[in-house]
Amino acid sequence: MTDSTFTFTDLQRVPQSALPALLKRMPKAELHIHIEGSLEPEMIFQLAQRNGVSLTYPDVESLRRAYAFKDLQSFLDIYYAGASVLLHERDFEDMAWAYFQRAAADGVVHAELFFDPQTHTARGVPMGAVIEGLHRACQRAHAELGVHAELILCFLRHLSEEAALQTLEEALPWRDRFMGVGLDSSELGHPPSKFQRVFARARRLGLHVVAHAGEEGPPSYIYEALDLLQVERIDHGVQALQDTALMQRLVRDQIPLTVCPLSNVKLCVFGQLTAHNLRQMLELGACVSIHSDDPAYFGGYLLDNFQQTCDALQLNAWHAYQLARNSLQASFVSNEQRQIWLDQLEACCLRALSS
Ligand code: HPA
Ligand code: ZN
């Protein structure tokens, strides 16, 4: 890992009024987005009509009103119902393309999209329709928007490890279309230790490995993800601060934590954004970055997450720089490509300093 170019003292000189423009312009990597969580209510209704799927909500407004969650599970119930309108390759492509257009406008230069194949194959949707549809949108994002995009296949942790192993085998004909595997869905009661064999298999296949841990679950789930699954990044990880030794290890080893502030508030992990621990973790030297999780459900895309978090936690240009830089450091791109974006980030900050 290269040293930061800017010190706190340097970037503190950027006026707060220049922060919104800097946040937008900085090249950023989106590393924690569930692409099914980018399905806006309008698109859910459009696809339901196109595919003849019936929904339990009469209209967009009543669906949106149901987006009042008390915890992760209450969200997941609605999220899986929304995903039921996705049937054909084109649906997956349209969903991801709509996301990429928003991402490009937010200054995202690289996105690693989580997708949940088991949510779809359980309804009879072919694996190929899911992966090829998403892949086509990724190619189009690169060609037309200049956004680099990759896919990460997630296993649903409320299902068995056997089901995860089967899903991985079923996806292997498209091995070159996804760069890694992840672990999502209901965390409590489904520790990472349940998925040791499937993660070992994924690692042997040369796939990158990440897992959600410490969103609602205890620090022990983060230890398990690191020690038993040997993950390269922790998704969320906000419960790590409960355990000093764990926090020291995350800082020492610079294990990336992909934090999703608006999600954490919507799912009641924190009572309000001002109570979020992201600033504390960042100032302890952890490799934390900001992401959007399920932006259509949680009230904002990447730039909204940055802006609202900076406002609520009174972050300055130094924090913003660290957050963008950490997202690039944590991404699974070549060092050559990473350096190009790090240089662009530096140029953005220099411009903010001289304006
Ligand atoms: N946590 C766990 N699983 C998920 C989430 C989340 O926030 N979003 C979609 N699947
Ligand atoms: Zn997530």
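The values are calculated or read from the model by the stated rules, or taken from the named source; none is laboratory data. This is a predicted model, so every value here is computed, not measured. Methodologically, a virtual Cβ is constructed for each residue, glycine included, from the backbone with ideal geometry; neighbour enumeration extends over all protein chains shown.
Regarding region 207-219, can at least one residue be identified that is part of a helix (DSSP H, G or I), crowded, with 22+ Cβ neighbours inside 10 Å and either in contact with a helix residue (DSSP H, G or I) (Cβ under 7 Å, 6 or more places away or on another chain) or of a type in the set (A, V, I, L, M, F, W, C) (or both)?
Looking through region 207-219, none of the residues is part of a helix (DSSP H, G or I), crowded, with 22+ Cβ neighbours inside 10 Å and either in contact with a helix residue (DSSP H, G or I) (Cβ under 7 Å, 6 or more places away or on another chain) or of a type in the set (A, V, I, L, M, F, W, C) (or both).
Is one or more of the residues making up region 245-253 away from ligand 2 (no atom under 14 Å from the Cβ), touching a residue at least 24 places away in the same chain (Cβ under 8 Å) and assigned to a loop (DSSP other than H, G, I, E, B)?
So far as region 245-253 goes, no, none of its residues is away from ligand 2 (no atom under 14 Å from the Cβ), touching a residue at least 24 places away in the same chain (Cβ under 8 Å) and assigned to a loop (DSSP other than H, G, I, E, B).
Please work out which residue is nearest to ligand 1 (Cβ to nearest atom), limiting yourself to region 1-20 and to residues that are more than 26 Å from Glu112 (Cβ to Cβ) and loosely packed, with under 14 Cβ neighbours inside 10 Å.
Gln16
Conditions tested, residue by residue: (1) within 16 Å of ligand 1 (Cβ to nearest atom); (2) in contact with an Asp or Glu (Cβ under 7 Å, 6 or more places away or on another chain); (3) of a type outside the set (Gly, Ala, Ser).
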residue: Leu31; (1), (2), (3): yes, yes, yes
residue: His34; (1), (2), (3): yes, yes, yes
residue: Glu40; (1), (2), (3): yes, no, yes
residue: Met43; (1), (2), (3): no, no, yes
residue: Leu55; (1), (2), (3): no, no, yes
residue: Leu63; (1), (2), (3): no, no, yes
residue: Phe69; (1), (2), (3): yes, no, yes
residue: Gln73; (1), (2), (3): yes, no, yes
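Of the residues Leu267, Leu262, which single one is surrounded by 17 or more Cβ atoms within 10 Å (Cβ to Cβ), under 24 Å from Glu150 (Cα atoms) and either within 15 Å of ligand 1 (Cβ to nearest atom) or touching a residue at least 40 places away in the same chain (Cβ under 8 Å) (or both)?
Details: Leu267 fails: under 24 Å from Glu150 (Cα atoms).
The conditions single out Leu262.
Per-residue answers, yes or no, for (1) over 26 Å from Ser289 (Cβ atoms); (2) among the hydroxyl-bearing types (Ser, Thr, Tyr); (3) crowded, with 20+ Cβ neighbours inside 10 Å:
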| position | (1), (2), (3) |
| --- | --- |
| Pro27 | no, no, yes |
| His32 | no, no, yes |
| Ile35 | no, no, yes |
| Leu39 | no, no, yes |
| Thr56 | yes, yes, no |
| Ile78 | yes, no, no |
| Val85 | yes, no, yes |
| Met95 | no, no, yes |
| Val108 | no, no, yes |
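Are any residues in region 98-120 closer than 24 Å to His208 by Cα, in contact with a helix residue (DSSP H, G or I) (Cβ under 6 Å, 6 or more places away or on another chain) and part of a helix (DSSP H, G or I), and if so, which ones?
Matches in region 98-120: Tyr99, Phe100, Pro117, Gln118, Thr119, His120.
Restricting the search to region 130-166, which residues are of a type in the set (A, V, I, L, M) and surrounded by fewer than 20 Cβ atoms within 10 Å (Cβ to Cβ)?
Our first condition is that a residue be of a type in the set (A, V, I, L, M); within region 130-166, this holds for 130-131, 134, 137, 141, 143, 145, 147, 149, 151-153, 156, 159, 163-165.
Scanning region 130-166 gives Ala143, Leu145, Leu159, Ala163, Leu165.
Tell me yes or no: at least one residue of region 157-173 is within 16 Å of ligand 1 (Cβ to nearest atom), closer than 23 Å to Gly124 by Cβ, outside any helix (DSSP H, G or I) and within 20 Å of the chain's Cα centre (by Cα).
Yes, because at least one residue in region 157-173 is within 16 Å of ligand 1 (Cβ to nearest atom), closer than 23 Å to Gly124 by Cβ, outside any helix (DSSP H, G or I) and within 20 Å of the chain's Cα centre (by Cα).
Output the qualifying pairs, or none if there are none: Cβ atoms under 9 angstrom, residues six or more apart or on different chains, first residue in region 315-338 and closer than 16 Å to Val209 by Cα, second residue assigned to a helix (DSSP H, G or I).
Partner pairs satisfying both residue conditions: Gln329/Arg338; Gln329/Leu342; Ser331/Gln337; Ser331/Arg338; Ser331/Trp341; Val333/Trp341.
Considering only residues that are modelled with pLDDT of 95 or more and among the acidic types (Asp, Glu), which ones fall in region 10-68?
Hits for region 10-68 are Glu30, Glu36, Glu40, Glu42, Asp59, Glu61.
Spot the failing condition for Gly189; the list is (1) away from ligand 1 (no atom under 16 Å from the Cβ); (2) within 21 Å of Leu246 (Cα to Cα), and only one is missed.
Unmet for Gly189, out of (1) away from ligand 1 (no atom under 16 Å from the Cβ); (2) within 21 Å of Leu246 (Cα to Cα): (1).
If you check Leu229, Leu241, which single one turns out to be within 24 Å of Asp311 (Cα to Cα) and at pLDDT 95 or above?
Leu241
Residue by residue through region 225-239, note down the ones that are within 16 Å of ligand 1 (Cβ to nearest atom) and either under 21 Å from Pro261 (Cα atoms) or in a helix (DSSP H, G or I) (or both).
Keep residues of region 225-239 that are within 16 Å of ligand 1 (Cβ to nearest atom), which gives 225, 229, 231, 233-239.
Matches in region 225-239: Ala225, Arg233, Ile234, Asp235, His236, Gly237, Val238, Gln239.
With Val259, Val269, Val265, Val288 as the choices, which residue is within 16 Å of ligand 2 (Cβ to nearest atom) and farther than 22 Å from Gly182 by Cα?
Values: Val259 fails: farther than 22 Å from Gly182 by Cα; Val269 fails: farther than 22 Å from Gly182 by Cα; Val288 fails: farther than 22 Å from Gly182 by Cα.
Within the list Val259, Val269, Val265, Val288, the selection yields Val265.
Check region 238-253 and report whether any residue there is surrounded by 18 or more Cβ atoms within 10 Å (Cβ to Cβ), among the hydroxyl-bearing types (Ser, Thr, Tyr) and more than 20 Å from the chain's Cα centre (by Cα).
Checking region 238-253: not a single residue is surrounded by 18 or more Cβ atoms within 10 Å (Cβ to Cβ), among the hydroxyl-bearing types (Ser, Thr, Tyr) and more than 20 Å from the chain's Cα centre (by Cα).
Taking region 185-204 as the region of interest, how many residues are within 21 Å of Leu113 (Cβ to Cβ) and either part of a loop (DSSP other than H, G, I, E, B) or in contact with a helix residue (DSSP H, G or I) (Cβ under 9 Å, 6 or more places away or on another chain) (or both)?
Going through region 185-204 one residue at a time, the tally reaches 7.
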